[in-house]
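J.: Here it is, the structure in full.
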Amino acid sequence: MVRIKARIVIALGGNALGETLSEQMIELKITAKAIVDLVEAGNEVVVCHGNGPQVGMIDAAMNELSKVNNKYSKCPMSVCVAMSQGYIGYDLQNSIREELLNRNIKKSVSTIITQVEVNENDNAFRNPSKPIGRFMTKKEAISAIKKGENIIEDSGRGYRRVIASPSPIEIVEIDTIKALLEREEIVIACGGGGIPVVREGNHLRGVHAVIDKDLASCQLAKSIDADCLIILTTVEKVAINFQKENEKWLDEVSITEMKRYLDEGHFALGSMRPKVEAAIEFVSSRKGRRALITLLEKAKEGIEGKTGTRIVNYK
Ligand code: ADP
Ligand code: MG
C-alpha cells in the first residue's frame, strides 16, 4: 500500500511494547526491523508510541516513593508522561539506530520530548476513558474503586484504571519535528500521545491526563502532511461485533462504512475507538491518504496489503 517516498507516521501500541523493561528491549528489536524496512524502501518515517501500561507503572513507582519519603510529593501525570517518552524513546531510538547501522544506512534518529496542547474544558476531563497501568482482577478493581479510583473492564482482558484523555489540539514542538524531517532524519515524537499541556500566556502548564497516542499520531500525520498512518497494535485486524458470535474481521473499508460502524458502537472506548477515529480523520483530511491498523509482528505484510484493516477514501 505504501508507494516509494511516502511520508509515513507509525503509531506503536503501548501494550505492544511489552510490559517490563527487558520485554520492551526484545519487542523493540522486532519493531525496529519493521521501521527500518520502510526507511530502506525510501520512505520518510516518523514514529509515535503509546504508553498506557508504562505510564501507569511510572505513576505507581513514583507514588511508592512519595509514601516512603515525604520529601517527595505525588508526581504529576504530565511528568510521568514525560518520563515515559524518555525511556521508551531511549530504547526505541537505539534499536532503530542499531538496525540502520546493521544495514549500512546512514541516518540519525532522535526522540523529541513533545508537548501537546489540550483544552482544559475538554469533556474528557469529566469522563475518564483511557485505560492505564496493569490489568487488575475483579477483587483488586473493587478495592481500587473504594479508594476513589476510576476503573473499567478493558475489552475482556481484565480491569484497569482510567484517566481523562482530552483531544490533542496542537503539537508544541512541531517546527522541530519538521526541521529534522527536512534533513531526512528519523524522528520519534508525541510519545504517549504527548505531554498534555494547557497554554497560559507564555507558560505551558502540564495537566492530569494521558492523550491517546492514536489521536496524537493523526494530529502529527496531518501537521507534517504525511501520506500514510500505520497503527501497529495487539490485534491483526479491526472487528465488528468484536468478541461476539457474529464477529467479523475487516480488510479494506471505506471511510463511509467505517463511520457507520463507529456510530453503531463496534469499537471500545479508550482502545479500538481512538484508532478508528484517527484513521477516519486522517484519511478524510486529504485525497490519497491511507491508514492501516494491524499487528506489530505483521507490519510488513500489512504494508504489502496482505493483512490488517485498511481504511481508504474511495468506494
Ligand atoms: P494499543 O496499546 O495498541 O493502543 P489498545 O489496548 O488501546 O492497544 O487497543 C487494542 C485493543 O483493542 C485490542 O487488543 C482489543 O482487545 C481491543 N478492541 C476493542 N474493540 C475492538 C474491535 N472492535 N476490534 C478489534 N479489537 C478491539
Ligand atoms: Mg491504545
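J.: Among the residues in segment 15-23, are any of a type in the set (Val, Ile, Thr), assigned to a helix (DSSP H, G or I) and within 16 Å of ligand 1 (Cβ to nearest atom)?
T.: no
J.: Select from segment 182-193 the residues that are assigned to a helix (DSSP H, G or I) and either surrounded by 19 or more Cβ atoms within 10 Å (Cβ to Cβ) or at pLDDT 95 or above (or both) and list them in ascending order. If you could, list the steps in order and put the result at the bottom.
T.: From segment 182-193, those assigned to a helix (DSSP H, G or I) are 182, 191-193; that's our starting set.
Selection gives Gly191, Gly192, Gly193.
J.: Let me ask you something else. Mind checking which pairs have a first residue in segment 43-72 that is more than 23 Å from Lys300 (Cα to Cα) and of a type in the set (A, V, I, L, M, F, W, C) and a second that is part of a strand (DSSP E or B) and within 16 Å of ligand 2 (Cβ to nearest atom), Cβ under 6 Å, 6 or more apart or different chains?
T.: What qualifies is Val55/Ile132.
J.: Under 6 Å by Cβ, and 6 or more places apart or on different chains, what pairs join a residue from segment 211-236 that is more than 16 Å from ligand 2 (Cβ to nearest atom) with one that is acidic (Asp, Glu) and part of a strand (DSSP E or B)?
T.: Final answer for the pair search is none.
J.: Continuing with the same structure: Collect the residues in segment 21-47 that are buried (at least 24 other Cβ atoms within 10 Å of the Cβ) and of a type in the set (Ser, Thr, Tyr), keeping them in residue-number order.
T.: Thr31
J.: Quick check on this structure: which one of Ala216, Ala164 is over 15 Å from Ala279 (Cβ atoms) and among the hydrophobic types (A, V, I, L, M, F, W, C)? Quick ask: steps written out before the conclusion?
T.: Numbers: Ala216 fails: over 15 Å from Ala279 (Cβ atoms).
It is Ala164.
J.: What pairs come out if I take residues in segment 160-174 that are more than 27 Å from Glu140 (Cα to Cα) and polar (S, T, N, Q) and pair them with residues that are modelled with pLDDT of 95 or more and assigned to a loop (DSSP other than H, G, I, E, B) whose C-beta lies under 9 Å away, six or more apart or interchain?
T.: What qualifies is Ser167/Val118; Ser167/Asn119; Ser167/Asp122; Ser167/Ile211.
J.: Does Glu153 fit the bill of being within 30 Å of Glu247 (Cα to Cα), acidic (Asp, Glu), out of contact with any His (no Cβ under 6 Å at 6 or more places or on another chain) and at pLDDT below 95? Working first, answer last.
T.: Details: within 30 Å of Glu247 (Cα to Cα): yes; acidic (Asp, Glu): yes; out of contact with any His (no Cβ under 6 Å at 6 or more places or on another chain): yes; at pLDDT below 95: yes.
Spelling it out, Glu153 is indeed within 30 Å of Glu247 (Cα to Cα), acidic (Asp, Glu), out of contact with any His (no Cβ under 6 Å at 6 or more places or on another chain) and at pLDDT below 95.
J.: Of all the residues that make up segment 258-290, how many are within 14 Å of ligand 1 (Cβ to nearest atom), at negative phi and touching a residue at least 40 places away in the same chain (Cβ under 8 Å)?
T.: Qualifying residue count for the region: 10.
J.: Show me the strands (runs of 3 or more DSSP E) found entirely inside segment 194-297 where at least 2 residues are crowded, with 20+ Cβ neighbours inside 10 Å and at pLDDT 95 or above. Spell out the reasoning first.
T.: Numbers: elements: 195-200, 203-206, 228-233, 252-254, 290-295.
By residue number, 195-200, 228-233, 290-295.
J.: I'd like the full set of residues that are in a strand (DSSP E or B) and under 18 Å from the mean Cα position of the chain (by Cα), limited to segment 128-174. Spell out the reasoning first.
T.: First, the residues of segment 128-174 that are in a strand (DSSP E or B): 130-136, 151-153, 159-163, 170-171.
Lys130, Pro131, Ile132, Gly133, Arg134, Arg160, Arg161, Val162, Ile163, Glu170, Ile171 - these are the residues of segment 128-174 that are in a strand (DSSP E or B) and under 18 Å from the mean Cα position of the chain (by Cα).
This table checks each residue for (1) on the phi < 0 side of the Ramachandran plot; (2) modelled with pLDDT under 95; (3) more than 17 Å from the chain's Cα centre (by Cα); (4) part of a helix (DSSP H, G or I).
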position: Lys5; (1), (2), (3), (4): no, yes, yes, no
position: Ala32; (1), (2), (3), (4): yes, yes, no, yes
position: Gly56; (1), (2), (3), (4): yes, yes, no, yes
position: Ser78; (1), (2), (3), (4): yes, no, no, yes
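J.: While we're here: Quick one: which residue in Gly86, Gly50 is within 28 Å of Ala279 (Cα to Cα) and surrounded by fewer than 22 Cβ atoms within 10 Å (Cβ to Cβ)?
T.: Working: Gly50 fails: surrounded by fewer than 22 Cβ atoms within 10 Å (Cβ to Cβ).
Selected residue: Gly86, the only one of Gly86, Gly50 that is within 28 Å of Ala279 (Cα to Cα) and surrounded by fewer than 22 Cβ atoms within 10 Å (Cβ to Cβ).
J.: Right, another one. So Ser95 clears everything in (1) assigned to a helix (DSSP H, G or I); (2) loosely packed, with under 15 Cβ neighbours inside 10 Å except one condition, right? Which one?
T.: Failed condition: (2).
J.: Output the number of residues of segment 104-119 satisfying the condition of being surrounded by 13 or more Cβ atoms within 10 Å (Cβ to Cβ) and among the charged types (D, E, K, R).
T.: 2
J.: Which one is nearest to Ala11 (Cα to Cα), of the residues in segment 34-54 that are within 16 Å of ligand 2 (Cβ to nearest atom) and in a loop (DSSP other than H, G, I, E, B)?
T.: Of all residues in segment 34-54, those within 16 Å of ligand 2 (Cβ to nearest atom) come to 47-54.
Pick out the ones that are also in a loop (DSSP other than H, G, I, E, B) and you get 50-51.
Details: Gly50: 7, Asn51: 11 Å.
Looking at the filtered set, the residue picked out is Gly50.
J.: Please work out which residue is nearest to Val55 (Cα to Cα), limiting yourself to segment 125-168 and to residues that are surrounded by 16 or more Cβ atoms within 10 Å (Cβ to Cβ) and small (Gly, Ala, Ser).
T.: Gly133
The values are calculated or read from the model by the stated rules, or taken from the named source; none is laboratory data. Every value quoted in this text rests on a predicted model; they were computed, and no experiment measured them. When we count neighbours, we look across all protein chains shown, and the Cβ atoms used for this are built from the backbone with ideal geometry, even at glycine.
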